[in-house]
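Derivation of every value follows stated rules applied to the coordinates shown; laboratory data play no part. For clarity, every value in this text was computed on a predicted model and none was experimentally measured. Positions of Cβ are backbone-derived with ideal geometry, glycine not excepted, and every protein chain shown enters the neighbour counts.
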Amino acid sequence: MKISPLQTARLQYAPKLPGMLRHGISEICVKEGEATASVADQEKIAALFPNTYGKKEITFEKGENTSEAKKQVVGVILSGGQAPGGHNVVCGLYDALKATNKENVLYGFKGGPSGLLEDDYLVFDDEYIDQFRNTGGFDIIGSGRTKLETEEQFAVAAEVCKKHGITAIVIIGGDDSNTNAAVLAEYFAAHETGVQVIGCPKTIDGDLKNEDIECSFGFDTATKTYSELIGNIERDANSAKKYWHFVKVMGRSASHVALECALETQPNICLVSEEVAEKKMSLAQIADYIADSVANRAAKGMNFGVAIIPEGVVEFVPEFSALIKEINEMLAGAKADEFNALTSWKDKYAFIENGLSKESFGVFATLPETVQQQLFLERDPHGNVQVSLIESEKLFSALVKANLDERKKNGTYKGKFSALHHFFGYEGRCAFPSNFDADYCYSLGYNAFMLIQYGYNGYLSKISNLSKPAEEWIAGGMPITKMMNMERRHGEDKPVIRKALVELDGAPFKYFEAHRESWAVDTCYTYPGAIQYYGPDEVCNITTRTLALEKGV
């Protein structure tokens with residue numbers, strides 16, 4: 001198979017490990033910290049996880065390895081959406097496993113958690129794994145979104161592990177996947193299977209984050225990739241001087257990606273979903289806010305600009321959220337069949353008008369027809385609106401145009417407004433990992449095996465002090481239950497890892513807030529350019545602006 005020169009070079013890159021993991025395996029010992037408690041609902045979480053709750057956080061240090069010497073047979077699963085660096089987690093896990101004992105074995109379960117349930121796997125060897133070092137994507141074994149959450153599934157997983165003599169499972173995933181890892185770990189402990197479960201924090205959305213997990217892997221590469229593209233668009237906008245670009249970026253539940261891209265590129269507008277919710281902003285208020293920037297720039301002769309829109313922002317608009325809730329209820333059960341049987345949009349529109357409250361229909365009526373129809377596209381498995389299918393970048397540009405048309409009528413706006421639309425999502429999920437993600441992910445995998453070797457179960461592989469050079473990174477682990485709380489899911493209270501939203505009193509948002517007024521009116525664009533892999537540290541090994549601001553770097 002022919003590969004590119006960059007891939008050839010990247011295959012030779014040697015990822016950097018935290019200082020304490022650079023010692024030989026025989027010289028790594030454990031330092032135990034304090035016992036832990038969940039972030040909320042402690043009594044309920046403790047009752048649900050009697051065998052894995054309240055365990056101590058640990059860090060690895062230089063010292064005599066006191067772990068039990070035994071052959072390890074480990075299974076690894078990639079779960080959920082792709083994120084740059086996933087291959088290096090597997091490579092780090094494999095290298096630590098083989099460095100400890102050449103007889104150790106690593107199984108890769110194909111296609112995500114379903115591979116474990118269906119006993120669909122491959123056994124890694126040097127020749128196979130060496131093809132994937134420092135590369136993007138999850139094609140090494142594939143991924144999937146099957147959830148491990150039922151007793152029947154756990155029983156099947158236990159049988160598959162028993163069949164192959166598997167001693168541990170590593171689940172590489174986001175908040176839902178690691179919630180499943182915690183529940184599976186509890187099941188294995190309660191049934192005395194002898195199988196450990198370790199999680200690794202993955203998601204480009206950046207919402208698997210807390211006081212312990214400074215950054216989920218893939219966020220660095222994805223935001224740098226999007227920022228390069230946004231910077232290119234800014235340069236084009238400033239060259240052509242005739243378009244407003246509305247750029248939607250991934251991040252349904254949190255705006256970390258949008259905020260980081262804004263900090264990297266300094267666009268004229270960036271919506272932050274959490275602020276929209278905090279201020280209870282309406283669609284009209286958001287349109288007015290963007291239109292102000294358009295009008296103020298036009299008054300200076302600048303009929304161009306760039307606006308960044310988080311993927312899930314409409315869910316944070318109270319009136320729109322209420323509309324979606326009513327639509328979900330309106331199309332529940334047999335009513336969905338009745339609606340789907342209608343053949344014309346005119347008939348469907350009348351059905352919708354009769355089914356919605358006056359307030360929600362008022363919101364619905366203000367939407368462009370394309371967006372109205374997107375609200376009634378294919379439903380998710382639970383029969384709900386798929387908000388990710390809504391082209392919010394086109395929604396807001398249409399609302400802004402309508403706002404500006406009104407201003408023209410009353411003589412307060414005389415500029416020109418022409419919009420172009422972009423959605424950056426898949427472009428960043430499988431990019432070649434940055435040096436940071438290549439190093440971080442390799443360390444997470446290597447560290448995961450150390451947790452296995454020392455017998456930990458229901459733990460998350462944890463690498464911290466990430467704003468410093470890799471030599472100063474700290475390796476260890478934390479019980480997954482520490483991140484959990486109870487939430488209402490599909491009519492039931494369930495234990496889940498709490499998502500981390502953008503903190504409006506946090507340093508990254510405060511920096512953005514302090515500068516966005518000047519960015520809105522003036523042209524302050526910055527151009528990050530492509531990810532660099534070779535050269536000075538200040539170019540190749542820079543961290544995200546988010547992490548730098550959070551850590552005061």
**Fill in**
If one compares the long axis through the Cα atoms of helix 256-265 with the longest principal axis of the Cα atoms of the chain, the angle in degrees, nearest 10, works out at 70 degrees
**Item:** With eigenvalues of the C-alpha gyration tensor scaled by 5 and rooted, the stretch 295-370, Å
**Value:** 34, 15, 12
**Complete:** With +1 on the Cβ of every Lys and Arg and -1 on the Cβ of every Asp and Glu, the dipole magnitude of the chain about its Cα centre, in debye rounded to the nearest 20, is 1300 debye
**Request:** Among DSSP beta bridges whose residues both lie in the stretch 1-153, state the antiparallel percentage, nearest 5.
**Result:** 65 percent
**Kirkwood hydrodynamic radius of the stretch 141-195, Cα pairs, Å** = 11.6 Å
**Message:** Greater than 20 Å separation of Cα atoms is the criterion. Which listed pairs, Lys55/Lys102; Lys71/Lys102; Lys55/Lys468; Lys2/Lys98; Lys71/Lys98; Lys241/Lys401, meet it?
**Reply:** Lys55/Lys102; Lys55/Lys468; Lys2/Lys98
**Item:** Solution diffusion estimate, µm²/s, Stokes-Einstein, the stretch 335-412, Kirkwood Rh from C-alpha pairs, 4 °C, viscosity 1.567 mPa s
**Value:** 91 µm²/s
**Prompt:** For the stretch 42-112, which GluC sites (Glu not before Pro) are both in a DSSP coil and crowded by at most 12 other Cβ atoms within 10 Å?
**Reply:** Glu64, Glu68, Glu103
**Message:** Report the Cα-based extents of the stretch 449-553 along its three principal axes, largest first, to the nearest Å.
**Reply:** 52, 42, 23
**Complete:** The residues Cys215, Cys524, sorted from fewest to most surrounding Cβ atoms within 10 Å, come out as Cys524, Cys215
**Item:** Residue exposure sequence - Glu338, Glu487, Glu260, Glu378 - by fewest surrounding Cβ within 10 Å
**Value:** Glu378, Glu338, Glu487, Glu260
**Request:** Compute the long axis of helix 151-164 from its Cα atoms, compare it with the longest principal axis of the Cα atoms of the chain, and write down the angle in degrees, 0 to 90, nearest 10.
**Result:** 40 degrees
**Asked** What are the radius of gyration and Dmax of the stretch 197-308, computed over its Cα atoms and given in Å?
**Response** 16.1, 60
**Request:** Treat every Asp and Glu Cβ in the stretch 71-122 as -1 and every Lys and Arg Cβ as +1, leave all other atoms uncharged, and give the resulting dipole magnitude about the Cα centre to the nearest 20 debye.
**Result:** 200 debye
**Item:** Only Lys, Arg (+1) and Asp, Glu (-1) charged, at Cβ; the stretch 196-310 dipole about Cα centre in debye
**Value:** 620 debye
**Item:** Sparsely packed trypsin sites (Lys or Arg not before Pro) within the stretch 107-145, loop by DSSP, other Cβ within 10 Å at most 15
**Value:** Arg145
**Request:** Over the alpha-carbon set of the stretch 440-507, work out the extent along each principal axis and list the three values in angstrom, largest first.
**Result:** 45, 37, 16
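Among the DSSP beta bridges whose two residues both lie in the chain, what percent are antiparallel, rounded to the nearest 5?
That works out to approximately 40 percent antiparallel.
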**Message:** So for the stretch 252-355, considering every pair of alpha-carbon atoms, how many percent are separated by more than 24 Å?
**Reply:** 44 percent
**Loop-resident sites, the stretch 127-176, for GluC sites (Glu not before Pro), counting at most 15 other Cβ within 10 Å (DSSP)** = Glu149
**Prompt:** In terms of the ratio Rg/(2.2 N^0.38 Å) built on C-alpha atoms, what value belongs to the stretch 25-159?
**Reply:** 1.23
**Request:** Write down, largest first, the equivalent ellipsoid semi-axes of the stretch 69-115 in whole Å, where each equals the square root of 5 times an eigenvalue of the alpha-carbon gyration tensor.
**Result:** 22, 13, 6
**Request:** Report, in degrees rounded to the nearest 10, the 0 to 90 angle that the Cα long axis of helix 219-240 makes with the longest principal axis of the chain.
**Result:** 30 degrees
**Request:** Take Ser255, Ser461, Ser518 and order them by how many other Cβ atoms sit within 10 Å, fewest up front.
**Result:** Ser518, Ser461, Ser255
**Asked** Under 17 Å from the Cα of Lys510, which lysines turn up, not counting those fewer than eight places away in the same chain?
**Response** Lys279, Lys551
**Asked** Mind listing P(r) for the stretch 296-335? All alpha-carbon pairs, 5 Å bins, whole percents.
**Response** 6, 18, 13, 12, 11, 12, 10, 6, 5, 4, 2, 0
**Request:** Classify the stretch 493-553 as rounded, prolate or oblate, taking a ≥ b ≥ c as the square roots of the eigenvalues of its Cα gyration tensor: rounded when a/c is under 1.5, otherwise prolate if a/b is larger than b/c and oblate if not.
**Result:** oblate
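Just from its helices, what would the mean residue ellipticity at 222 nm be for the chain, if runs of 4 or more DSSP H residues each count -39500 (n - 2.57) and the sum is divided by every residue, rounded to the nearest 500 deg cm²/dmol?
-12500 deg cm²/dmol
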